[in-house]
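The values are calculated or read from the model by the stated rules, or taken from the named source; none is laboratory data. Just so it is clear, the model here is predicted, and its values are computed rather than measured. Virtual Cβ from ideal backbone geometry, glycine too; neighbours counted across all protein chains shown.
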Amino acid sequence: MTGQVRTVDGRVAGRRGQATRQKLLDCLSEMLSSSPYRDVKVIDVARKAGTSPATFYQYFPDVEGAVLEIAEEMAKEGAGLTDLVAGRSWVGKAGAQTAEQLVDGFLDFWRKNDAILRVVDLGAAEGDKRFYKIRMKILNSVTNSLTDAVKDLQSKGKVDKDVSPAAMAGSLVAMLAAVASHQKGFTTWGVKQAELRPNLAQLVHLGITGKKPAK
């Protein structure tokens, strides 16, 4: 975490205070992976971190405030997903590789941040604008890059002009997010990760280029 870290009352936290604050966030993240979001209490987070509720309240107004901190940091990392698309080629074997790398990156990011993403999705679904903005910050980074990719292919006559770049990109990203959040569910259908990734990449490639990936 970069920049000055402040307490709830505006004081700049020292090195020890920053370490305590980060430990609280780490413990909360761990608890979210095994407990429902609304079952997590301040006293439990503080106890797990080896400190007191009073110390927790020095840095966060409540559990939700701490969750938003974790979510914001995750969103910054998620913005990097655009690097998997921006400026990449969608032609020939390079296009197939771009689709595969995007799918790999998306699924890996979701699996790594599964616990906090579930909380973000829940908050967004309930109409909490703070969580909605975080979710869109992650998805928009990829959507905008895919939109540009379709526009570029259209300008070169490789994609039909009737295709809406934004609609196609948005649909593909929504599909990626839905599949990524349901990865565990695919195993109950007998679908292995090794099978999921190439098939999902083929759908992405078809959506962007209108063609099956080159082998």
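Here are some notes:
- Condition check for G185: more than 22 Å from the chain's Cα centre (by Cα) and either at pLDDT below 95 or not assigned by TED's automatic domain parsing to the domain that holds G78 (or both): no
- Single condition D83 does not satisfy, out of (1) within 12 Å of the chain's Cα centre (by Cα); (2) surrounded by fewer than 16 Cβ atoms within 10 Å (Cβ to Cβ): (1)
- Of residues in region 5-24 being in a helix (DSSP H, G or I) and farther than 9 Å from Y59 by Cβ, the one modelled with the lowest pLDDT: R15
For every residue, the table says whether it meets (1) farther than 30 Å from Y37 by Cβ; (2) without any contact (Cβ under 8 Å) to a residue 40 or more places away in the chain; (3) more than 13 Å from the chain's Cα centre (by Cα).
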position	(1), (2), (3)
V103	no, no, no
K112	no, yes, no
D128	no, yes, yes
I138	no, no, no
D148	yes, no, yes
K156	yes, yes, yes
P198	yes, no, yes
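Let's see how each residue does on (1) under 24 Å from L203 (Cβ atoms); (2) crowded, with 17+ Cβ neighbours inside 10 Å:
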position: E100; (1), (2): yes, yes
position: R111; (1), (2): yes, no
position: A125; (1), (2): no, no
position: Y132; (1), (2): no, no
position: V142; (1), (2): yes, yes
position: L146; (1), (2): yes, yes
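- Within region 200-215, the set of residues being surrounded by 17 or more Cβ atoms within 10 Å (Cβ to Cβ) and more than 25 Å from the chain's Cα centre (by Cα) comprises P213 only.
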